[in-house]
1. Could you calculate the FRET efficiency of V141 with H41 from 1/(1 + (r/R0)^6), where r is the beta carbon distance between them and R0 is 51 Å, rounded to 0.05?
2. Among all the aspartates and glutamates, which ones have a C-alpha under 19 Å from K55's C-alpha, if same-chain residues fewer than 8 places away are not counted?
3. Can you give me the long-range amide H partners of G267? Hydrogens built in the peptide plane at 1.01 Å from N, cutoff under 5 Å, separation of 5 or more residues or another chain.
4. Could you sort the peptides 49-55, 11-17 by per-residue average Cβ neighbour count (10 Å cutoff), highest mean leading?
5. Given the Cα-Cα distance of Q286 and S52 and 0.36 nm per residue of separation, how much length would full extension add, in nm?
6. Roughly speaking, what is the stretch gain from D59 to R191, that is 0.36 nm per residue apart minus the C-alpha to C-alpha distance, in nm to one decimal?
7. If I model a spin label as a point 7 Å beyond the Cα along the Cα-Cβ vector, how far apart are those points for D99 and A243 in nm?
8. For semi-axes √(5λ) of the Cα gyration tensor in Å, one of [x] 29, 26, 15; [y] 33, 20, 17; [z] 32, 25, 16 was computed from the structure I shared and the rest are decoys. Which label?
Amino acid sequence: MRLLFVHGRSQGGKNPETLKEVWFDALKKGLDRAGLSLPTHVDVSFPYYGDSLDKFVADFELPADPAVVPKGSPVFDDYAQFRAEVADEMRRRANITDDEVRAEAGELPTEKGVQNWAWVQAIIRLLDKNVVAVSEGTIEVFLRDVFLYSRRKVVQTQIDAIIAGELTNDTAVVVGHSLGSVVAYNVLRARSTKVPLFVTVGSPLGIRALRASLSPLSNVAGKLGWYNAYDPRDVVSLYPLDAANFDVDPAITNDGKVDNWTENRHGIIGYLDDSEVASAIHAGLQQQSK
């Protein structure tokens, strides 16, 4: 019986075995808090695509410096549109006003609009400073990586193949975090056999600009369903995966009560060590072990 972890972005250059241990240790803490233990005969798999994603970032030459605006680049123009749409969704969700954006933009052009790079750049700086509360550039890098995966087929195909290669017939539970929830969803919907339980944490799947590239939507989980957990303060998981934001049948079970203690409210250990999240994963494994 297999438990499959699918990691998110910003994992390039790291040791996959070390990452796997971090995830597994966090899950064990969550199980301890719930008074549970991992069923026997569970094979934990951690397919790693961090270095592949970093290579694509370099190949597509999207600017690392958000002040740089390349001219005449179709990839960049597509990215600018995507970046603006998602950033504005994040701004509204975080209750950042137009006046706050204008004040942040300073002497830069402050005309509101999707095509105004300076306007969007000001939004992202505000999100980084006031919402994410970590080093500047967190949102910028998230937007770039999600764009490449969701809007560039060559990126999606290679990363999907890495995950699909570890998705065996005895996989009982798939856990996807952040961008990994998008990757896992895409891989699972291409299969004829559904995984019994799909767990997403800190998922951006409810973001309109992202889910538009995944249409038609479907529930990719089997008999045990799809469980989605998020911290309402996590700027990446903007919306619950409900009828308004990810309308599928049967409906997804949403848990918006996670208190993710990590600095940016988005870290994987702050999700897996939650007793409710760990209990959901345990229930899926326990059911399949019978």
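Each value in this text was obtained by applying a stated rule to the coordinates, not by laboratory testing. Values in this document were obtained by computation on a predicted structure and should not be read as measured data. A quick note on method: Cβ atoms are made from the backbone with ideal geometry, for glycine too, and the neighbour counts reach across all protein chains shown.
1. Calculated transfer efficiency: 0.85.
2. Counting by Cα, and skipping residues close in sequence, K55 has these aspartates and glutamates nearby: D65, E140, D145, D160.
3. T262
4. Ranking, from highest mean packing down: 49-55, 11-17.
5. Numbers: separation 234, 0.36 × 234 = 84.24 nm, distance 3.37 nm.
Net length gain for the segment: 80.9 nm.
6. 44.6 nm
7. Calculated label separation equals 3.7 nm.
8. [y]
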